Amino acid sequence: MRIVLGVGGGIAAYKVASLLRLFTEAGHDVTVIPTEASTRFIGTATWEALSGNPVSNSVFDDVHLVNHVRLGHEADLVVVAPATADLLAKAASGQAGDLLTNTLLMAHGPVLFAPAMHTEMWQHAATRANVETLRGRGVAVLEPASGRLTGADSGPGRLPEPQVIFDAAMALVQGQTDYQLPLAGRTVTISAGGTREPLDPVRFLGNRSSGKQGVALAVAARNAGATVRLLAAHMDVPPPAGVEVVRVETALQLREAALDAGAGSDVVIMSAAVADFRPAEVSDTKIKKRDDTADPVITLVRNPDILQELVQQRNAGAAGAGQLIVGFAAETGDSQGNVLAYAEAKLRRKGCDLLVVNHVGTDKVFGQDSNSVVILSRSGSEPQEASGTKTEVSEAIITRISFELNHVSPMA
């Protein structure tokens with residue numbers, strides 16, 4: 001197969017050498033077209049040595065071969081990695097200022113972009129619009145990986161690992177259409193909102209959870225191609241379209257629904273705020289306030305640990321061996337330890353694969369439209385931070401889950 005490999009001007013260009021090796025070792029004939037900016041990172045000699053073909057980025061080299069037309073016509077596949085924000089913009093607007101953009105305009109076969117850029121660039125409205133434009137034309141644009149970026153920042157924007165790009169390219173050539181949907185074919189169960197534990201017919205013990213983060217996770221998982229089951233406790237927002245909704249109220253009801261749905265899920269995300277305790281007795285009638293009676297004493301009993309039971313269910317073989325279980329920890333620090341210390345202890349105790357940690361308070365997280373989390377991994381990889389709107393945080397979490405499922409660490 002004849003492949004054109006376009007290389008954009010980003011620091012991630014060094015990873016593309018490994019992608020080129022995967023293509024050539026699979027027996028494909030690869031012509032590399034670097035942008036002028038990319039040659040500041042990797043020189044043309046490297047691409048010539050690894051591909052065995054001459055390398056140019058100018059339409060004026062070998063003019064008699066009409067390369068700006070020929071390369072696109074002859075290519076069975078065009079892959080661009082890293083696809084920078086600049087390259088995506090040029091491709092979306094149909095610019096043809098160098099050999100690579102000319103080749104993209106002339107390409108007759110499938111085209112795959114593997115983006116890499118800073119998180120703010122990827123999430124900018126202009127970039128998102130350019131991506132949607134390209135996808136609307138039938139061009140494949142992968143989601144970037146989430147993790148440590150060039151500087152100290154962390155978030156979505158890393159170049160997907162070379163094997164991921166290679167697999168997506170091969171799937172694209174074979175006519176598969178789920179290359180840009182990292183959770184296609186997966187079933188994801190997500191709990192959302194806050195449970196309510198009844199005291200009597202009119203009163204309950206509850207919490208401040210609005211369900212916004214769980215709903216945003218359901219949307220992100222749905223958009224990533226998953227079949228989504230949303231276990232909805234009390235929520236201030238409606239469930240999204242396109243997902244299966246199971247209504248629950250109490251922790252015991254959520255436990256039953258989670259264990260049932262979890263047995264048939266590839267991923268379980270327990271983002272609901274589950275009551276740790278419930279009243280030992282529930283009055284059949286409203287508890288009256290009378291002057292001639294003593295103040296009522298409410299005895300609480302511990303609710304089951306649903307997250308821990310899900311892990312035990314999986315480990316016992318009642319769910320798929322490759323199932324990924326994600327917990328949420330709403331923590332506050334105190335004199336005995338800080339938020340992360342408590343969260344790390346909880347991760348060890350629960351045994352889930354990932355733990356998403358919120359630092360909560362009266363004016364933090366619950367009911368808000370933004371969030372800031374730290375994702376801890378049982379594997380001991382470096383904690384990953386994600387912040388922004390709850391939609392953006394959810395996208396980062398779903399991206400991390402997608403890579404965990406594919407056995408690719410975004411922190412590598």
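Where a number appears in this text, it was derived from the coordinates with a stated rule and is not lab data. Here the structure is a predicted model, which means the values were calculated and not measured. Note that each Cβ is placed from the backbone with ideal geometry, even for glycine, and that neighbours are counted across all protein chains shown.
Cross-link partners of Lys286 among aspartates and glutamates, defined as those whose alpha carbon lies under 14 angstrom from its own and excluding same-chain residues fewer than eight positions apart: Asp200. Taking a ≥ b ≥ c as the square roots of the Cα gyration tensor eigenvalues, the chain comes out prolate, since a/c reaches at least 1.5 and a/b is larger than b/c.
If Lys and Arg each add +1 and Asp and Glu each add -1, what is the summed charge of the other residues whose beta carbon sits under 15 Å from the beta carbon of Asp276? Please list the in-between numbers first.
Working: positive: Arg196, Arg208, Arg255, Arg278, Arg302, Lys346, Arg349, Lys350; negative: Glu197, Asp305, Glu309, Glu331.
Result for the neighbourhood of Asp276: +4.
Segment Asp29..Ser381, full-extension length gain: 123.0 nm, with 0.36 nm per residue of separation and the alpha-carbon distance subtracted. The modelled label-to-label distance between Leu252 and Asn53, using points 7 Å beyond Cα along the C-beta direction, is 6.7 nm. For region 43-145, the list of chymotrypsin sites (Phe, Trp or Tyr not before Pro) that fall in a loop by DSSP and count at most 16 other C-beta atoms within 10 angstrom reads Phe60. Counting only alpha carbon atoms, the long axis of helix 390-405 and the longest principal axis of the chain meet at about 70°. Cross-link partners of Lys15 among lysines, defined as those whose alpha carbon lies under 27 angstrom from its own and excluding same-chain residues fewer than eight positions apart: Lys90.
Here the chain is treated with +1 on each Lys and Arg Cβ and -1 on each Asp and Glu Cβ, and its dipole about the Cα centre works out to around 540 debye. Counting only DSSP H runs of at least 4 residues, each contributing -39500 (n - 2.57), and dividing by the residue count of the chain, the helix-based mean residue ellipticity at 222 nm comes to -10000 deg cm²/dmol. Model label points for Gln95 and Ala129, set 7 angstrom from Cα along the Cα-to-Cβ axis, are 1.5 nm apart.
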